[in-house]
Every structure is written in structure tokens, then in C-alpha cells.
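Participant: The structure under discussion is supplied below as C-alpha cells; questions concerning it will follow.
All of the numbers you see were taken from the coordinates with simple rules; none came from a lab. Being a predicted model, the structure only gives us computed values, none of them experimental. As a convention, Cβ positions derive from the backbone with ideal geometry for all residues, glycine included, and neighbour counts pool all protein chains shown.
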Amino acid sequence: MRFPFRRRKLTRQSLRYLGELVSDNWSILFFPEGERTEAGEIKPFQPGIGLIAARLGVPVVPIRLRGLEKILHRHARWPRPGHVEIAFGSPLRLKGQDHAAVAKQVEEAVRAL
């Protein structure tokens with residue numbers, strides 16, 4: 001299932017929906033940069049991932065995808081055959097009111113993979 005995380009006015013509604021998904025044992029995958037990259041570089045993470053991590057109180061598993069830009073380039077409509085390397089980090093339990101700082105912790109964990 002895919003849905004856009006609502007910004008600004010509907011943030012509370014989106015958080016409630018995420019909470020329901022978590023309560024129903026769904027795992028949620030986020031791409032916290034806000035857009036796909038051109039060449040696989042890691043862009044700064046948006047504070048939304050910090051808000052979600054801190055408010056929902058669920059573990060965050062850092063994941064690094066290498067090579068995805070060759071399979072599904074930012075401007076491509078359809079994926080192409082290829083290989084992607086996936087690295088998983090240890091789960092993080094994040095807290096705090098400074099959502100940008102929490103997002104930075106997640107970003108640093110992904111960069112370390």
C-alpha cells in the first residue's frame with residue numbers, strides 16, 4: 001500500500017493513519033529525503049521522519065539502498081532490470097521535540113551503512 005504523507009494541515013490525520021497501520025502490525029517504509037536522487041547521493045532528510053519516529057515511538061530501522069537510481073531513475077516511468085544493494089542497520093528508538101535533530105540522527109545512521 002502506498003500513500004503520500006500529508007504535509008501541513010493534514011499532518012495530524014496522517015499521523016493517526018500511520019498509528020493505525022502500526023497498530024495493525026504493518027511495517028512502513030519511508031524515503032525521508034523527499035525525492036529520488038539523480039546519482040544515488042544521500043540528500044538531507046526532511047524533518048517529517050523525525051516527527052513520525054518521535055510521535056509514534058516505534059523502532060526505526062535504517063536502510064541504505066545502493067544502485068536504485070540505475071533501476072528506477074528519478075525521471076524514469078518504469079524500472080529497468082538491474083541490481084540493488086540493500087544494507088540494514090540496527091533499530092533506533094528515537095525521542096525528542098526537535099524533529100529536524102531526530103531526522104538528522106536517522107540520516108547519520110543511514111550514511112554509516
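Participant: Looking at E35, E41, which is the one that is out of contact with any Cys (no Cβ under 9 Å at 6 or more places or on another chain) and over 16 Å from R111 (Cβ atoms)?
Facilitator: E35
Participant: Would you confirm whether or not segment 46-59 contains a residue that is of a type outside the set (F, W, Y), under 15 Å from the mean Cα position of the chain (by Cα) and closer than 16 Å to I86 by Cβ?
Facilitator: no
Participant: Here is a list: E35, E41, E85. Which entry is under 13 Å from the mean Cα position of the chain (by Cα), exposed (fewer than 14 other Cβ atoms within 10 Å of the Cβ) and of a type in the set (D, E)?
Facilitator: E35
Participant: Oh, and also: Which condition breaks for P62 when tested against (1) out of contact with any Pro (no Cβ under 9 Å at 6 or more places or on another chain); (2) touching a residue at least 24 places away in the same chain (Cβ under 8 Å)?
Facilitator: So P62 meets the others, but not (1).
Participant: Please go through segment 93-111 and pick out each residue that is out of contact with any Leu (no Cβ under 9 Å at 6 or more places or on another chain) and in contact (Cβ under 8 Å) with a residue 40 or more places away in the chain.
Facilitator: Once the filter is applied, which keeps residues that are out of contact with any Leu (no Cβ under 9 Å at 6 or more places or on another chain) and in contact (Cβ under 8 Å) with a residue 40 or more places away in the chain, segment 93-111 yields L94, K95, G96, Q97, D98, A100, A101, K104, E107, V110, R111.
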